[in-house]
Amino acid sequence: MSRKWERMVQKNTKAANNIRKKQGKPTLSEASSDGAVTIRGRSWLLPLLLMFVGLFCFIAFRAQQQQDSLYWITGGSYIVLALFIFAVRRPFLKVGKNYLLTRRFAGDRRVEPSQIQEIELTKSSVVISLNTSKTKWVFTRFIQRIDIEQMSDKLKEFAANNNIPLKVEA
């Protein structure tokens, strides 16, 4: 019964989306979203470090290669973890109407405008200073490989809408 129900929901959603397109309205998924914009980057520093650790394991323990199959598992695991972090765990900043969301090492962090002390925009970095425990979120073009221009534009709009102090440096 569950699969049949899912198929019926998909069929009705598709029909409703077609009708909404003809009327010039956004689709159901677009209408339900809050209009948040996600700016993604690419993390390369930690994957590079893990890649070097994996290569070090291969080089340093090659004399014991014939004795232990864990030699291949250890070095290969570091390299696979590096590829996973590089490809999947991408840094991002999601700018919503009344929140900012980003990924930290322990998980996603969300802040409201009342928790933001100041936003500082420079040519190659963005620094978001938080009121709580003097924490700063730093996004740089070099480390996170993130589009600073797009992020700056969205954060200027966010700061203007939520009355957050904005410091722009050339």
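Figures for the structure shown
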quantity	calculated
Net dipole in debye of the chain [+1 Lys, Arg Cβ; -1 Asp, Glu Cβ; about Cα centre; nearest 20]	840 debye
Matching label, semi-axes √(5λ) of the Cα gyration tensor in Å computed from the structure shown, candidates [x] 38, 16, 10; [y] 39, 30, 13; [z] 26, 17, 14	[y]
Chain lengthening between LYS11 and GLU149 when straightened (0.36 nm per residue, less Cα-Cα)	45.6 nm
Alpha carbon centroid spacing (whole Å) that separates segment 91-168 from segment 41-84	34 Å
Full-extension gain in nm, ALA36 to THR140, via 0.36 nm per residue minus C-alpha separation	35.3 nm
Per-pair calculated FRET efficiency, R0 = 35 Å: SER2 and LYS123 via Cβ, rounded to 0.05	0.05
Cross-link pairs LYS25/LYS94; LYS25/LYS154; LYS94/LYS134; LYS22/LYS97; LYS21/LYS167 - those with Cα-Cα distance over 32 Å	LYS21/LYS167
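The numbers here are math on the coordinates, done by the rules we state, and not lab data. All figures in this text were calculated on a predicted structure; none of them were measured in a lab. Glycine also receives a Cβ, built like all others from the backbone with ideal geometry; neighbour counts cover every protein chain displayed.
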